[in-house]
1. Within the P(r) computed for the stretch D:44-196, what percentage of the Cα pairs occupies the region above 29 Å?
2. Which residues, if any, in the stretch C:98-147 have at least 50 Å² less accessible area in the whole protein complex than in the isolated chain, probe 1.4 Å?
3. For the protein assembly as shown, what is the charge dipole size about the Cα centre, in debye to the nearest 20, if Lys and Arg each add +1 at the Cβ and Asp and Glu each add -1 at the Cβ?
4. Quick one: 3J(HN,Hα) in Hz for the stretch B:135-144, Karplus 6.51/-1.76/1.60 with θ = phi - 60°, rounded, Gly and Pro as x.
5. For the stretch B:21-168, what size does the Cα cloud have along each of its three principal axes, sorted from largest down, in whole Å?
6. What is the angle, in °, between the Cα long axis of helix D:255-282 and the longest principal axis of the Cα atoms in chain D? Nearest 10 is fine, range 0 to 90.
7. Provide the FRET efficiency to the nearest 0.05 for the A:PHE314-A:ARG350 pair, computing r from the beta carbons and using R0 = 25 Å.
8. Could you compute the FRET efficiency for D:THR278 and B:TYR161, with r as their C-beta to C-beta distance and R0 at 25 Å, rounded to 0.05?
Amino acid sequence: MDWLHWLFYVGVILGAVPVMVMAFIWLERRGLGRLQLRPGPNRAGPFGILQPVADAIKVLTKEDIVPVAGDHWVHFVAPLVVFAPAMLVFTVIPFQEDGGLVRGLVPDLNIGILYIVAVSSISTIGVFMAAWGSNNKYSLISAFRSMAQVVSYEIPLALAILGVVLAAGTMSLTGIVQAQAVPFIVMQPLGFIIFFIAATAELNRTPFDLMEAESEMVAGYHIEYSGMKFALFYLAEYAYTVGISAIAATLFLGGWKAPWGVGPQVGVLWLVVKILLVFMVILWIRGTFPRVRVDQLMGFAWKFLFPLSLINIFIIAAESLAWPGLPWWLLFPNTAIALVLVVVWSGLFRLGGGRVQV
Amino acid sequence: MSKFDRFGLGLAKGLALTGKTLLSRPNITVQYPEQRLDVSRRLRGPELVWVALKCTGCATCAKSCPQGSIELATSQELVDNKYEVVEFLVDHGRCMFCGLCVEACPFDALYMGRGYERAAYRRGDLVLPKEKLQMSADRQPSAYCRPEMEAELPLQTLLVYGQTRAKR
Amino acid sequence: MTQPLSGKEVVARIQKQVPGAVLLADHGCIWVRPVTVAQVAQYLKEAPGMEMDYLNNLTAADYLDYLEVVYHLSSLKRNHSLTLKVQCWGPEEPEVPSVFHLWQGADLQERECYDMFGVRFVDHPNLKRILFWEGFEGHVLRKEYTG
Amino acid sequence: MAIRTQPVSINIGPQHPSTHGVFRLRVTFDGEVIIGLEPIFGYLHRGKEKLAEARTYTQFIPITDRADYLASMSNNWGYCLAVERLAGIELPERAEYIRVLVGEMMRISNHLMAVGFFLNDCGAFFTPLLYMYREREKLLDLFDMLCGQRLNYNYMRIGGVSQDLPVEFLPALKKFVQEMPGYIDEYEQLLTTNEILLARSKGVGVLSPEQAVNASVSGPVLRACGVEWDIRRADPYSIYPQLEFDIPTGIQGDTYDRFYLRIQEMRQSVRILQQAITGIEQLPHGVYRAHVLSLVRPPKGEVYSRIESPKGELGYYIVSDGGVSPWRCRMRGPSQLNLTALRDMVLGWKLADLIIILGSIDIVMGEVDR
């Protein structure tokens, strides 16, 4: 039965994730449209729901352009290297409680969260390959930015996850979900803020979308890509966004757990709802904020997120020593600490001065 | 040198506004081919409307044209005490629809049109002879520089009043 | 209201500083000898009571026999203005001293003037065509240029 | 062992989303730091000054529209004013009021575009821009009502304006003027206190007042440096002396000041509009155009006349030989001369700063290249 399970879930992930990604692309475009006083795509199908399909057909039939002076092999492989890890993230997401009908591919992998952190940083290599293979200066600058960004933001991201692991006492995602009698977003608000910001940066979403900053880098690393290769980048970007939303939902929002005990049988639906919620917040931020500059980006990671994530771990560790099992009333001091720290720390550090004498 | 000294208050204010917009959906977009707006009464649409009866062939319009896109020729002899306009060619591809010819016409024989879907596949198709310049059902004159016509035309759709559809 | 300076009064002051520079004066306008432009401009910019710190406009006009370079100067401090003119008779591409070192605003305008009229501004650090491409023949705003 | 590095030069433009048209910057980078910059233009050169020499004075008006195509009315105004000064034409009062009305509407419309695109350059993905487009759309509707087109108005004539205001114009404008301050508040709420925007633009691209004056910078860019210089006040034309308005100035001369100054100027323009509406309502209907022959022949002479266009000092230098067309017509485009100071502003800053500094200058290539 084991191989059947594997086959089934590989099929589900490979099928469901792109479909979900297309749905989310539609959602983002419609949502962003509404936020910007316009209807968004509304011509293809009812409410423009077939727009992603139309885009897919367009992209599939487009000519594939390869820069003559580029590195052809690297240029060819890069989209795959970016796309694969985005799919791999979904393998360890638990869809439902153990023993349920749909539970995910390997939801109880005992190093689940470590696996996610490891896998998700592979895509940066793909980004750099794409930039290198394109032989384009814009791409290269964008790839440099991307590398620096990922190296800086992995640390607060991992440290924020560490807080969750400390509280749950396990790295298995199923275990983490089960440990959330009260969702960790309430118990560790500081950890969630840090995780969310760092994840946004990892995803290259506004306000940290420096590597494909349209007004500066035009399209960044995929400036020389067209046709299906470009589509892979595009899909990977959204798949990764959905993936991170799923991780955030699992780690901090209680995953498949039904809030107030409503409909525990359909845990996977609750998971989707929570993913949607996180995704909408990311979208909302994208529709509102301007972009930070590259030195400010680094400064923000090292001067704001990094110290706060250390403090966060310290607090969680001390609390789990003092009150094993972390009783629910800790949410009051934790929220207070988070608020105070954010307010105080935001006045304490300075962001990049900017001008260099030349 | 900048600090985040307002601890995210400014960020929150912006989010509040966009969130409000997201929920209130004040859609002002017009779905163009299906929905249309009432155009301005003085619209300078991309076409000229010529009234053969009023035209005396004085060529004031041709002289006033900055682009030289009007070509006009009259008959050599008087017909009914009037020179007959033999040729009246307007190159709509060169014309920039500034309306100076309409303004200059001393006999109200030339109008700007109210149509706006006048694209053509070839440049040559935009050079219109006098037969095609005449007023017809889909070639209606606008009140540009003809204030006496203004009252007859429908009122323009104005976004200031929140209108986004043509009145039927 | 920006007051145009009386050319006659200005001339009297300039003659002391740069003798023989001014050829003609009118209301709000003086004509100077081409080679002395930079000196006169410097005087106008720095002399107390003048302080022409703002170069509004620098252009030229072709009068068939000669080219005339026109400088519209004004003072933001004192709110007065003066037009400085230079007539260039002579060779195909006449030479006029650049005022770039006095007003940075002359940078693009002198380049454009060179591009359109072929007036060579001596000492301009980057005198090349601006709106037309390198290697374009002729200077389009001259009257003899007919395309 | 030290890493061997070498500067890299990148062409930003002519096709780049943030160059506001076909404009090219040849930038030399050391890492992300700009160490050299050369603006290259001419891609949109259409030879307007030469065209003027082959057209009558009236025929040139529609061509001025196309110089600064985001502020066509101001271009019309600048040119007509120059010809009127040259020919000594007095305008009827109603025409002056109409001109002030449309001029200030144009200023609001232009600043909406400028601020919107500046924020877009900062990376605020189209949201502020589209919010501002909504108000601009209302203004364009009004312009459309007035002269039949939304972008190239060709509304002013030598000696007045081409047509009188339609009856439905003033009520609509009043409604707009009433609502506009609320919308400006909304823009301020959206982004003027946003920490990211402040971090991005405060202290970036500082231009000192001395430098700005020396580089012939004008308009909002000059005022943002703290120089209180507005031609509407300093060298008044039309009925501006009778109107009350403040000249907002910046403090530091940085990118943020330039951005915020435009928002403040919009408020002042609304104020002027209110006064002008009250003024024009008291005037009798009727003469909106002085009696001028259709073929204007100004006497032999020359004039340099300037107005405060939304982008700065828009000057027209016209030489007349007494004929029907100008002997020489020079447009002093503020966009072009404001670019003079670009190099000083961006050296030492990063690529992202270059984009927003360029955005804060508010250039229109139609006017830069003419």
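1. Roughly 26 percent, rounded to a whole number.
2. C:GLN104, C:LEU108, C:GLU112, C:LEU131, C:LEU141, C:LYS143
3. Dipole about the Cα centre, nearest 20: 940 debye.
4. Ordered by residue, 3J(HN,Hα) equals 5, 8, 4, 9, 9, 9, x, 9, 8, 5 Hz.
5. Principal axes ranked by extent give 72, 36, 27 Å for the Cα atoms.
6. Tilt of helix D:255-282: around 10 degrees.
7. The formula returns an efficiency of 0.55 here.
8. Step by step, r from the Cβ atoms, then E = 0.70.
The values are calculated or read from the model by the stated rules, or taken from the named source; none is laboratory data. Small disclaimer: the values here were computed from a predicted structure and weren't measured. Note: ideal-geometry Cβ built from the backbone for every residue, glycine included; neighbour counts use all protein chains shown. Note: accessible area is taken over every heavy atom of the protein model, side chains too, but ligands, DNA and RNA are not part of it. Shrake-Rupley method; radii C 1.70, N 1.55, O 1.52, S 1.80 Å.
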